1. Contact list please: Cβ distance under 6 Å, first residue in region 207-226 and on the phi > 0 side of the Ramachandran plot, second residue part of a loop (DSSP other than H, G, I, E, B) and not β-branched (Val, Ile, Thr), pairs at least six apart or on different chains.
2. Keeping to region 96-140, report how many residues are of a type in the set (Ser, Thr, Tyr) and either modelled with pLDDT under 95 or buried (at least 20 other Cβ atoms within 10 Å of the Cβ) (or both).
3. Mind listing just one residue for me: the one in region 113-137 that is among the polar types (S, T, N, Q) and assigned to a helix (DSSP H, G or I) and, of those, farthest from the chain's Cα centre (by Cα)?
4. Which of the residues belonging to region 44-84 are touching a helix residue (DSSP H, G or I) at 6+ places or on another chain (Cβ under 8 Å), charged (D, E, K, R), within 16 Å of LEU136 (Cβ to Cβ) and surrounded by fewer than 15 Cβ atoms within 10 Å (Cβ to Cβ)?
5. State whether the residues of region 59-77 include one that is in a helix (DSSP H, G or I), over 30 Å from ASP190 (Cβ atoms) and in contact with a Phe, Trp or Tyr (Cβ under 6 Å, 6 or more places away or on another chain).
6. Within region 228-257, take every residue that is free of Cβ contacts under 8 Å to residues at least 60 places away in the same chain and surrounded by 18 or more Cβ atoms within 10 Å (Cβ to Cβ) and give me the one that is nearest to ILE187 (Cα to Cα).
7. Please find, within region 141-154, the residue that is farthest from the chain's Cα centre (by Cα) out of those that are small (Gly, Ala, Ser) and surrounded by fewer than 22 Cβ atoms within 10 Å (Cβ to Cβ).
8. With (1) assigned to a strand (DSSP E or B); (2) out of contact with any Ser or Thr (no Cβ under 7 Å at 6 or more places or on another chain); (3) charged (D, E, K, R) as the list, and GLU85 as the residue in question, which single condition is left unmet?
Amino acid sequence: MLKHSTTLILLAIACISLLTGCISSGIKQTVSLQTISPVILKKNGNEIFHYWQLPNKPALWETKLGTVPELELFRDSLKNVLGNERFTEILHRQSSQDVPEDTAAAHNGDAYNSNLIHTGKAGTIRAINFLEAALLNYQLSRYPFLSHPTEFHGFIVYNSSEDSIRVYFGASDQPWPPKATILLQSIAGDLQRGWKLAYHLHNHYEPKAKNYLGILAPSMADAQFYEFLQAEYGLRKALITNGFHTVEIDSSEFSKFKAHGQ
């Protein structure tokens, strides 16, 4: 009887271990930008310009984030700072695309662009995906956003014949991203060899007085940059993330937004 009971216990432990393993493997990500050595294009003090080349795996585009410790810390810290009720309200507001029309927004370019997104007239807001989270996590490991906010450039180019991507990254210790000239010079070479510029990604944040959480809409400067990237490099989509959600804007929609120089 004892032998039989021991066998049942061992089988139960084995089943639990197998089930736990299956659940873990469902969210485990095999890519960590912290452990993959990038190709360095230039480093100038705190300014860095490099890229990673990765196989184009489906997990990169899934919303199962796996382990992104710095992003998790940012999310938890933001919730603690704002309080649960305020945090939930602001997060919902930034992810909504069914808000009423704001006629006053027409007199301010940045507000007009935000109004386009949040009324659902342009772009699609969705949950942040793994690759976006990994890039944000990488910059957060350099500078925590609540005490030292920064923005980064992320360009994602795709090679269909190799089914691989290059993830270009440019950032510094400043609130704004550095000029992307170094990255675009390398991307221009990629395009000549058959790669395509699929995405430009950057992050938004707000100061403490505006509750930290970034606006999911392009500024007038962003909109001007997108039109340039589409005209010169064939950019297909623009992405803006705040660490929770991402707005995805197709190149066919770029002309809807107000931009500098118009």
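The values are calculated or read from the model by the stated rules, or taken from the named source; none is laboratory data. What you are looking at is a predicted structure, and each value in this text was computed from that prediction instead of being measured. Every residue, glycine as well, gets a Cβ built from its backbone with ideal geometry; the counts of neighbours run over all protein chains shown.
1. What qualifies is TYR212/GLU206.
2. 3
3. Once the filter is applied, the top-ranked residue is ASN115.
4. Selection gives LYS64 alone.
5. yes
6. Per the criteria, the residue is TYR233.
7. So, considering only residues that are small (Gly, Ala, Ser) and surrounded by fewer than 22 Cβ atoms within 10 Å (Cβ to Cβ), the one farthest from the chain's Cα centre (by Cα) is SER147.
8. The number of the failed condition is (1).
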